[in-house]
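First comes the structure, then the notes that go with it.
What follows draws every value from the coordinates through simple rules; no lab data is involved. Source: prediction; values computed, not measured. As a convention, Cβ positions derive from the backbone with ideal geometry for all residues, glycine included, and neighbour counts pool all protein chains shown.
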Amino acid sequence: MALLYEGESYKIRGACFAVFNNLGGGIKEKIIEKALLKELKTLELSTSSQKRIDVIYKGEKVGVYIPDILIEDKIILELKSKPFITKEDEKQFWSYLKGSRFQLGFLINFAPKKLEIKRFIHTPKQSV
């Protein structure tokens with residue numbers, strides 16, 4: 001069974017490692033975002049930055065979420081630059097992904113000592 005958006009996922013991970021290997025971690029998220037956008041563009045991935053997406057609950061818009069980067073208008077990237085990703089970070093990101101129309105998201109932390117990439121998949125339950 002193939003991974004959801006396997007090709008794009010591979011390129012995203014490669015771009016993250018390229019930025020981390022070049023700049024390191026623990027730097028401002030805005031700098032990471034700009035560098036990552038540049039790297040993703042060289043990999044010929046369509047990106048948008050800080051695009052507003054609706055959060056839906058029971059068919060109604062209940063809020064707006066602004067992810068750091070959208071890839072190909074189908075994958076969410078949320079960037080962090082902190083010592084580690086907390087359970088609260090994961091829970092918040094998961095809630096935004098579930099409330100959006102997107103099925104795949106990456107929570108990426110450019111920590112001072114290591115790069116953390118967490119992949120989240122949400123496929124809505126099929127109604128029978």
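General remarks:
- Filtered residue count, region 1-16, keeping only those that are loosely packed, with under 14 Cβ neighbours inside 10 Å and either closer than 16 Å to residue 107 by Cβ or not hydrophobic (A, V, I, L, M, F, W, C) (or both): 4
- For region 22-55, a residue qualifies if it is farther than 17 Å from residue 11 by Cβ and among the charged types (D, E, K, R), and the qualifying residues are 28, 29, 30, 34, 51, 52, 54.
- Selection within region 89-106 - farther than 18 Å from residue 35 by Cβ and either within 9 Å of the chain's Cα centre (by Cα) or in a helix (DSSP H, G or I) (or both): 89, 90, 91, 92, 93, 94, 95, 96, 97, 98, 104, 105
- Test: residue 99 is out of contact with any Leu (no Cβ under 7 Å at 6 or more places or on another chain) and of a type in the set (Gly, Ala, Ser): yes
- In this structure, residue 117 qualifies as under 11 Å from the mean Cα position of the chain (by Cα), in a strand (DSSP E or B) and surrounded by fewer than 19 Cβ atoms within 10 Å (Cβ to Cβ).
- Strands (runs of 3 or more DSSP E) fully within region 1-88 that include at least 2 residues being of a type outside the set (S, T, N, Q) and out of contact with any Pro (no Cβ under 7 Å at 6 or more places or on another chain): 53-57, 60-65, 69-71, 75-80.
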